[in-house]
Amino acid sequence: MGKAFGAVAGVGAVASLYAMKKSWDSLPSVKAAGFTTLDMSVYNENELVIEKWRGKPIFVLRQNAAMLEKAKQRDGDMDRLIKVGDAYYMVCIGLCTHLGCIPGYYPDEMGFLCACHGGQYDVTANVTKAPPPRGLDIPSFKIEGTKLVLGEEGPEYKKMKESGITL
């Protein structure tokens, strides 16, 4: 009788632990929301597209020749751009690093303006006018052919992080 009770109690304990583990695991929908794949070949030059990743706006801006020329003139601006194929892209979290507002894009001026406190960014997401303390943050990414996977840390992102370009 004691062995039978012990066996039933052991099976119950294992089943309880299994159920507890399953309830702590992330749901598949939550895991899927952690990664977003962007096909970079569909973006047009000087046209800001706002994607969504983990509930945050992601700015994607394909650079044209004038933008690249301007970025080459400023020290460190080219380091903030992501090269996918033959094109360069500015990909960043679209929240001002000052107070978290969403800056507006002005294609004619090739820059961003945060209306809350007048902060300005150029087309590489670097600060051109304070009060923002740093450029717009770059989300973790990995390049796979012509696709950019947000949420994974590829070698390009790790290099940016190590050099202090992004947090």
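In deg cm²/dmol, rounded to 500, what helix-only [θ] at 222 nm does the chain give when every DSSP H run of at least 4 residues adds -39500 (n - 2.57) and the total is split over its residues? Result for the chain, helices only: -8500 deg cm²/dmol. For the chain, a crude dipole built from +1 on the beta carbon of Lys and Arg and -1 on the beta carbon of Asp and Glu, taken about the Cα centre, is about 860 debye to the nearest 20. Within the chain, the cysteines lacking any other cysteine Cβ closer than 4.7 Å to their own Cβ are Cys92. Annotation for the range 1-101: trypsin sites (Lys or Arg not before Pro) lying in DSSP loop with at most 16 further Cβ atoms inside 10 Å of their Cβ are Arg54, Arg74.
Built from the Cα atoms of the chain, the convex hull projects on average onto 13.5 nm², one quarter of its surface area. The alpha-carbon of Lys159 sits under 21 angstrom from the alpha-carbons of these lysines, leaving out residues fewer than 8 places away in its chain: Lys72, Lys83, Lys142, Lys147.
Taking a span of 20 Å or more along the helix axis (Cα atoms) and a mean Kyte-Doolittle hydropathy of at least 0.0 as the rule, the DSSP H helices of the chain that qualify are 2-24.
Any read-out appearing in this document is the output of simple, stated calculations on the displayed coordinates, not a laboratory observation. Computed from a predicted model, the values in this text were never measured in an experiment. Backbone-built Cβ (ideal geometry, glycine too); neighbour counts: all protein chains shown.
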